[in-house]
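Just so it is clear, none of the values below were taken in a lab; they were calculated from the coordinates. What you see is a predicted model, and the numbers here were worked out from it, not measured in a lab. Cβ sites come from the backbone with ideal geometry, for glycine too, and all protein chains shown count toward neighbours.
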Amino acid sequence: MECIIGVAFKDFVILATDATSVSSIIVQKHNEEKVYKLSDHLMMAVSGASGDTHQFAEFIAKNVQLYKMRNNYELSTAAAAHFTRQNLAQSLRSRSAYNVNMLLAGFDKDAGGELFFLDYLAASIKLNYGAHGYGGMFATSILDRYYRKDMNEDEAYKLVKMCVSDIHRRLLVNLARFHVHVVDRDGLRKLDPIVIEGDNLVLGKRPGDEPMVLEELMA
């Protein structure tokens, strides 16, 4: 029922995660934060079993920080993805495997913005965009059509709005709020959340924006 979306551009990466925490058919929270800071230029969005996601994300974050303290420099995005995948693969061979799906986003001076898709079976691949959850099926079709590598931040935010709007229209489960984070050369930032109110599909606004519906977003 959860949905996390990641899109990588030339100079930044944007992550959007729903704010709903569910257990079976019960909604537990509407303000869950599913993005974890790993370092000054690394973040990770997680979905899956609630206990597993928090425990595993905290484990990865603390080990990334430990590496920085020991070596006086941060792991690159690719190195952090490989480290995360290795720990997932090891947990698969134990009696307490983690049920966690992730999107790992980071910015490197040489490589620019990078996005890695990891699932609970320890598969890992670098992508321009990806998503986990049922909503990801709708989001990826929109990204296939409208994504451009050279988009600026405002265009990227508008693209994520389109994805969230379509997810709300087509998915049975009501995912009415998405948190949006971005990482670039200046570090991590949290953008205005995308919020859907009632049947009008009112979306999160940025300075100077007006509420928009899907048809207007696609115009």
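At a glance:
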| item | result |
| --- | --- |
| Dipole magnitude of segment 4-218 about its Cα centre (Cβ charges: Lys, Arg +1; Asp, Glu -1), debye to nearest 20 | 740 |
| Environment charge at residue 184 (Cβ cut-off 9 Å; Lys +1, Arg +1, Asp -1, Glu -1) | -1 |
| For segment 128-197 and segment 101-126, distance of Cα centres in Å | 16 |
| Mean Cα-pair separation over length for the chain, i.e. relative contact order, pairs under 8 Å, 6 or more apart, % | 25 |
| Cα-based shape type of segment 45-157, given that a ≥ b ≥ c are square roots of the gyration tensor eigenvalues and the cut on a/c is 1.5 | oblate |
| Burial ordering of 116, 83, fewest other beta-carbon atoms within 10 Å first | 83, 116 |
| Sites residue 72 and residue 96 - FRET efficiency at Förster radius 22 Å, r taken between beta-carbons, to 0.05 | 0.05 |
| Global form of segment 4-218, assessed from the alpha-carbon gyration tensor, a/c cut-off 1.5 | oblate |
